[in-house]
Amino acid sequence: MMMGEEENGVKELEAMRKLVPFAPFATSWGMEWKGLQAVRCRESPYSELNVGGTPRTHVLVLIVQPPEKMDLRYEGVKRDTPPPAGSIMVVPAGSSLLWRRQGSMDSLGIFLEPSLVARVAAETFELDPTRTVVPPLDGLNLPELRSSMLAVDAELRAGGVCGPLLIESLATILSVQLIRHIRGPHRLPASAGGVLPRRKLRTLIEYIMENLGGNLTLEQMAAVVCVSPYRFARQFKAATGLPLHQYLIARRVERAQHLLRADGELGLAEVARRVGFADHIKFSLHFKRIVGVTPGQFRISARQ
């Protein structure tokens, strides 16, 4: 089972790389992101790409800087002129794609998991996921969707410093915004808003503190309080005033301070591991941002 999943993941990665036949400026490959992958491209002056089928992911492309000329074909979309800067294209999973252009181009590509989109359709919009179809879209001017894509880009260029949980949340938000555009101006169900009840919040915080050193995911925490991931993220922020990933970082830094005071022999890399940071570099960055000094400086001052 595990080998099959790993092989499928490798095949999907190779399919994504076919869409980027040149060296990209930055990619999320190897960052262990869930729900989406991303690639930022600053392409050479001339390019031609003919792909029989895109990966089994929906592809969202944000045009940061359009080329001088463009010829684009996919699933009924025909474009013979460059799209405006800031516009978005959506290429459904498995689409055939023909892309020719002249002139340098800057773009952000996001590979969004269809299974996540289907789950959001069912849990957040109460739709039949088997009948929720992502159509081909071209030249979209959607400020909210663009802002979320740029948030992914910022995390990509920062090297994933905030960790996979932020990306998991952004993948859910992108799915919500995409479905909302496809459906038209329909409001979310009333149950999608609100504040996480105190009892559920206490249960969740206990779970977080017990598992702080592990790889906490949005889905796991939402399941603890029996809420869909998107509703959970909104309700948690309404209850605490903080996005979930920022709350987790703050609790991890607090625990790290306790460990640094209590054990002067514990290495900084081990402290980072015990409180749930992926590596000691990210640990040090967040620690200094919140506390004002590095972990090493904090330990020295604690001893004095």
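Quick notes
- Under the criterion of Cα pairs below 8 Å and six or more residues apart, the relative contact order for the range 218-304 equals 21 percent.
- Subset of LYS237/LYS282; LYS34/LYS69; LYS237/LYS288 violating a 29 Å alpha-carbon distance limit: LYS34/LYS69
- Sum of side-chain charges, GLY194 neighbourhood, beta-carbon under 10 Å (Lys, Arg +1; Asp, Glu -1): +2
- Convex hull volume per residue for the range 188-250, taking Cα atoms only, in Å³: 76
- Rolling a 1.4 Å probe over the protein heavy atoms of the range 192-258, with every protein chain left in place, gives an accessible area that is 48 percent carbon and sulfur.
- The range 195-211 versus the range 227-256: alpha-carbon centroid distance in Å: 10
- In the context of the full set of protein chains, residues of the chain present 50 Å² of accessible surface per residue (probe radius 1.4 Å, heavy atoms only).
- Multiplying the residue separation of ARG131 and ARG100 by 0.36 nm and removing their Cα-Cα distance gives an extension gain of 7.9 nm.
- Overall Cα dimensions of the range 133-274, principal axis frame, Å, largest first: 58, 38, 23
The values are calculated or read from the model by the stated rules, or taken from the named source; none is laboratory data. Computed from a predicted model, the values in this text were never measured in an experiment. Don't worry about glycine lacking a Cβ; one is built from the backbone with ideal geometry, like all the others, and counts go over all protein chains shown. SASA here: full protein model, heavy atoms, side chains in, ligands and nucleic acids out. Shrake-Rupley method; radii C 1.70, N 1.55, O 1.52, S 1.80 Å.
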